[in-house]
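Notes follow once the structure below has been shown.
The values are calculated or read from the model by the stated rules, or taken from the named source; none is laboratory data. Owing to the predicted nature of the structure, the values given are computational and were not obtained by experimental measurement. FYI the Cβ positions are ideal-geometry reconstructions off the backbone, even for glycines, and counts take in every protein chain you see. Heavy atoms of the whole protein, side chains included, go into the accessibility calculation; ligands, DNA and RNA do not. Shrake-Rupley method; radii C 1.70, N 1.55, O 1.52, S 1.80 Å.
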Amino acid sequence: MNISILGAGAWGTALAINLVQRHKVVLWGRNVQAMQDAAAQRENMDYLRGFHLPESLTVSADFDLAVGHVTHNPADSLLIVASSVSGLRALAETLRNRNVPNIVWLCKGLEEQTRLLPHQIVREVMGDSVPAGALSGPSFAQEVARGLPCALTIASSDKALCERVVAAVHGGNLRVYSSDDLIGVEIGGAVKNILAIATGAADGLQLGLNARAALITRGLAEISRLGIALGGRAETFMGLSGVGDLILTCTGDLSRNRRVGLGLAQGKKLETIVAELGHVAEGVRCAQAVRSLAQELNIDMPITDAVAGALFDGISVQEMVAQLLSRDPREEN
């Protein structure tokens, strides 16, 4: 199968390394010099240092080449967008009149200004004529690049697209399940990043494993409340893109969002933490949007609200914890 991956960050690069073992893959990035260096050195020094790019992997900043790779044989091709949510709209606009056979995105979050989920952005820009879906689930790029076991979910209302993604990605140590609950899968992927900031802060303050477990459990309740209100299904949040991704992101040391929380607990400013990461931490970008959406829908999301307060309202992580602990007792639901 011909596969083009648009976005040469850590996740896009890792997936390209994995898929090129079975397919003809083009990895595209917008930074010309970085792509030239990666092609020459066979390593993505900026985003996935230490991992060899196989010789069979085409690495390029030529957008026409990457798109043409999937449009000249649409019946046996897959287009994967590996940008951040903030870059999804611009890429979708560029692809709008390119007759692409399909589009699958890896990003997790909400667009900051519009509060739209990725599938809503793609639909707004490209309409409903292009088969579209989200590939999500608990996955660290470094482990996928190493070929370690990983399970993902492809979510789309288009059954044929789900079958194509499973055929392309499922294999070796990568397992792919399918779902038609696109909203549920995307909400799980978006909100878990915010909750990982909370658990990182709690761990940084050395509040213990009991506190971490409580945050993860109550965080899952927040994800479910918002997701169901938006049209997602409850069972989705008990799957890979719900509790699975939540546990990984809240506990794994490779989690960028968790590291944001750890940095806040150390008293670092948000700008410093983000600069030190050198990568996008989507929980930071979508915290405001999720808080605003929850308030509009009158959905109780205290952890999300507390995290947004610590990120943007000048509330210390100590105050954030006190805010959560001071809540009135209630029935668990």
note = Exactly one of GLY309, GLY314 is open to solvent by less than 30 Å² (accessible area, probe 1.4 Å), among the small types (Gly, Ala, Ser) and modelled with pLDDT of 90 or more, and that one is GLY309
Residue among ALA213, ALA221, ALA234, ALA202 that is of a type in the set (A, V, I, L, M) and within 26 Å of GLY278 (Cα to Cα) = ALA202
remark   = Note: among THR236, THR249, just one is among the polar types (S, T, N, Q), touching an Asp or Glu at 6+ places or on another chain (Cβ under 7 Å) and buried (at least 24 other Cβ atoms within 10 Å of the Cβ), namely THR236
query = Any residue in the range 303-322 that is of a type in the set (Ser, Thr, Tyr) and either at positive phi or assigned to a loop (DSSP other than H, G, I, E, B) (or both)?
reply = yes
ask   = Is it the case that the range 253-263 has a residue that's at pLDDT 95 or above, open to solvent by less than 50 Å² (accessible area, probe 1.4 Å), more than 23 Å from PHE140 (Cα to Cα) and within 19 Å of the chain's Cα centre (by Cα)?
value = no
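Is it the case that ALA145 is surrounded by fewer than 23 Cβ atoms within 10 Å (Cβ to Cβ) and either of a type in the set (Asp, Glu) or in contact with a Leu (Cβ under 7 Å, 6 or more places away or on another chain) (or both)?
Working: surrounded by fewer than 23 Cβ atoms within 10 Å (Cβ to Cβ): yes; either of a type in the set (Asp, Glu) or in contact with a Leu (Cβ under 7 Å, 6 or more places away or on another chain) (or both): yes.
When the stated conditions are applied, ALA145 passes them.
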task = Assess whether ASN31 counts as being under 23 Å from VAL280 (Cβ atoms), among the polar types (S, T, N, Q) and buried (at least 22 other Cβ atoms within 10 Å of the Cβ).
result = no
request  = Find the strands (runs of 3 or more DSSP E) located wholly in the range 44-90 whose residues include 1 or more that are open to solvent by 10 Å² or more (accessible area, probe 1.4 Å) and more than 19 Å from ARG22 (Cα to Cα), and list them.
outcome  = 48-52, 58-60
task = Pairs only if they're at least six apart or on different chains, beta carbon under 8 angstrom, first in the range 52-80 and in contact (Cβ under 8 Å) with a residue 60 or more places away in the chain, second surrounded by fewer than 19 Cβ atoms within 10 Å (Cβ to Cβ) and part of a strand (DSSP E or B); list them, first residue then second.
result = HIS69/LYS24
query = Taking ILE273 and the conditions (1) in contact with a Gly (Cβ under 9 Å, 6 or more places away or on another chain); (2) of a type in the set (A, V, I, L, M); (3) surrounded by fewer than 17 Cβ atoms within 10 Å (Cβ to Cβ); (4) without any contact (Cβ under 8 Å) to a residue 24 or more places away in the chain, which numbered condition does it fall short on, given that it satisfies the others?
reply = (3)
key: Every residue from the range 173-185 that is touching a residue at least 60 places away in the same chain (Cβ under 8 Å) and either among the hydrophobic types (A, V, I, L, M, F, W, C) or open to solvent by less than 10 Å² (accessible area, probe 1.4 Å) (or both)   = LEU174, LEU182, ILE183
query = How many residues does the range 132-172 contain that are touching a residue at least 24 places away in the same chain (Cβ under 8 Å) and over 21 Å from ASP245 (Cα atoms)?
reply = 8
ask   = Taking the condition farther than 16 Å from ALA82 by Cα and assigned to a loop (DSSP other than H, G, I, E, B), does ARG22 pass?
value = yes
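Looking at the range 276-302 only, could you name the residues that are outside any helix (DSSP H, G or I) and either open to solvent by 70 Å² or more (accessible area, probe 1.4 Å) or closer than 30 Å to TYR47 by Cβ (or both)?
Here is the first cut: in the range 276-302, the residues outside any helix (DSSP H, G or I) are 278-281, 298-301.
Of everything in the range 276-302, those that are outside any helix (DSSP H, G or I) and either open to solvent by 70 Å² or more (accessible area, probe 1.4 Å) or closer than 30 Å to TYR47 by Cβ (or both) turn out to be GLY278, HIS279, VAL280, ALA281, ASN298.
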message = Go through (1) in contact (Cβ under 8 Å) with a residue 40 or more places away in the chain; (2) farther than 20 Å from GLY7 by Cα; (3) over 17 Å from the mean Cα position of the chain (by Cα) for SER129 and report which single condition fails.
response = (1)
